[in-house]
Amino acid sequence: MEKSEFRNLNLLFSIFLHIYQPEDQVDEVLDRIVNESYRPIFRFLIANSNAKLTFNINAVLTELWDKKGYSDLIDNVRVLLERGQIELTESAKYHAFLPLIPKSEILRQIRLNHETNKFYFGPKYQPQGFFSPEMSYSAKITSVVGELGYKYILADEIAYNGKLDQAKFDAIYKIKGTDIDIYLRHKNLSNLIMGANVRSIAEIVPVIKKYSHRPKGDSPNYILAAMDGETFGHHRPGLENLLFDLLLSPDLQIKQIEHIGQIIHRVEEIMPVDCTWASSEKQIAEGTPFSLWFDPDNTIHALQWELTQLAISVVQNTTNLTNEEKMGYYPDVVVPPIEATARKLLDSALHSCHYWWASAKPWWSLEMIEQGAYKLWQVVETSNGSTVKDKEQALALYQRILATAFSWQRTGFVRKLAKYEGSWRKIPFKDRGKQGEYQALLDLLKKQEDISSKKGEYEQAIRWRDAQYKLKNNLDVYDAVHIIDQLRSFVDFREFDDLVKKYAGYKSISPGQPEK
């Protein structure tokens, strides 16, 4: 492929990395992530001044860098901001799941995030966009973001109308009734990169070309790949090299998100639907887009959120605070030391992780569930706004959360939930499709294996050989879908599109991110 051929598409390519660790992350784990992911990425950027991308850094992580002796990362961010190499978005300091908490707590989390990052990163920290943790979207978040003056918000492409492959990327979408732009994450491309299905620049550039919508004429369009930054080097060792190659590729017009609207001038208004970057079409259709954090059928979730609401109410009922202070809870408001302790505990306890680890579909961690519930209990136990009844209720909820979680673990209910969640993808392609379709795919894979071998591309040949093995041995639907996605990068796949239609059910229930 000639470079000019690709660039003539007038395609803008943006990479967004979200990096975050909880306040109580284990020191050894944090050190691994710093040295496997954060330091390699920032050192690469420092050494390559023409490499540009957009980051979200939750301020709780910024503080961890300072407290745990990783100040070099803070220095790197300051330098990169001064150079204009990176754009930073605003977020919630402690990674709270914003759709499910009151507006007052959303405001506080955002203001704390801004104050902390401004302190560490300096005057160049001037975020224009907003990233809601878990890339969650709701109208309530939009309202707060608009009040605070941010220009755009990020969301997954499923936010467009609750369906995949519906959004086009040749216009700037504006949230109807607001002045806020919404930039949509390209799910398939992001997942392809995150899943490490493609590890070389020679493979990924043609994929980007195939995924790009080609508007008529010379009007530009964009693709936004967004994922956790820890994917590169930590979750996927070696994948950081693909990131570096992408950032330096002469075939890609890399742009920070804030600059896309300066190039694409066509605007279209939309009414996004509630979602996260993990939401499936099925969850949205059923009205449960946030089910990994609050599933109406999950007893532990119900108890967690009952305890959460109790903790919030006792802190906000503290005396000596005006209504304005309760709503915004500005960091400079003077409160008694004991109440400051409760307030800080609540800020931290609202992080999204312990709800997620209680979903059991398939994510599960007794330790994380207990840590989150304990913090919330201690908020109520510590706060001056708590009555004796409040404290008794908080303790009872904490005990019920633990008892239920241990019961689920002991009785095998967790495994049952995880098994049910995964059962849909255990029907192999051989049984889902007609015999002719199955054989056609095997023939195509064999053809690609032979072509790669003749070219001396032995790693590719092994890939196609292994794909045949997986299909023949009845491995799950993910394997077939990944094989088809990979084949699209190398062949004209239009004649096989009927194979993909067999996976309409997979598409509607597949999660927004690949499993780690």
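Sorting the segments 447-457, 163-173 by their residues' average number of neighbouring beta-carbon atoms within 10 angstrom, most packed first, yields 163-173, 447-457. Taking a ≥ b ≥ c as the square roots of the eigenvalues of the Cα gyration tensor, an a/c ratio of 1.5 or more together with a/b no larger than b/c marks region 20-126 as oblate.
The listed peptides 87-93, 59-65, 461-467, ordered by packing as a protection proxy, come out as 87-93, 59-65, 461-467 (highest mean of other Cβ atoms within 10 Å first). Counting charges near ASP72 (Lys, Arg +1; Asp, Glu -1) among other residues having Cβ under 12 Å from its Cβ returns a value of +2. If the segment from ASN473 to ARG199 were pulled out straight at 0.36 nm per residue, it would be longer than the present Cα-Cα gap by 96.1 nm.
Put simply, the amide H of CYS275, placed in the peptide plane, has neighbours under 5 Å in TYR137, leaving out anything fewer than 5 places away on its chain. Here the relative contact order of region 3-285, from alpha carbon pairs under 8 Å that lie six or more residues apart, stands at 29 percent. Spatial offset of region 7-81 relative to region 164-242 amounts to 19 Å, using the alpha carbon center of each.
Listed peptides 303-312, 121-130 appear in the order 303-312, 121-130 once ranked by packing, highest mean of other Cβ atoms within 10 Å at the front.
Among ILE19, ILE158, sorting on how many other beta-carbon atoms sit within 10 Å of each Cβ, with the fewest leading, yields ILE19, ILE158. In this rough spin-label picture, where each label sits 7 Å from Cα along the Cβ direction, the SER313-LYS344 distance is 2.7 nm. Between SER365 and THR178, full extension at 0.36 nm per residue minus the direct alpha carbon distance yields a gain of 63.3 nm.
Any read-out appearing in this document is the output of simple, stated calculations on the displayed coordinates, not a laboratory observation. The structure displayed is predicted, hence computed values, not measured ones. Glycine gets a Cβ as well: all are built from the backbone with ideal geometry, and neighbour counts include every protein chain shown.
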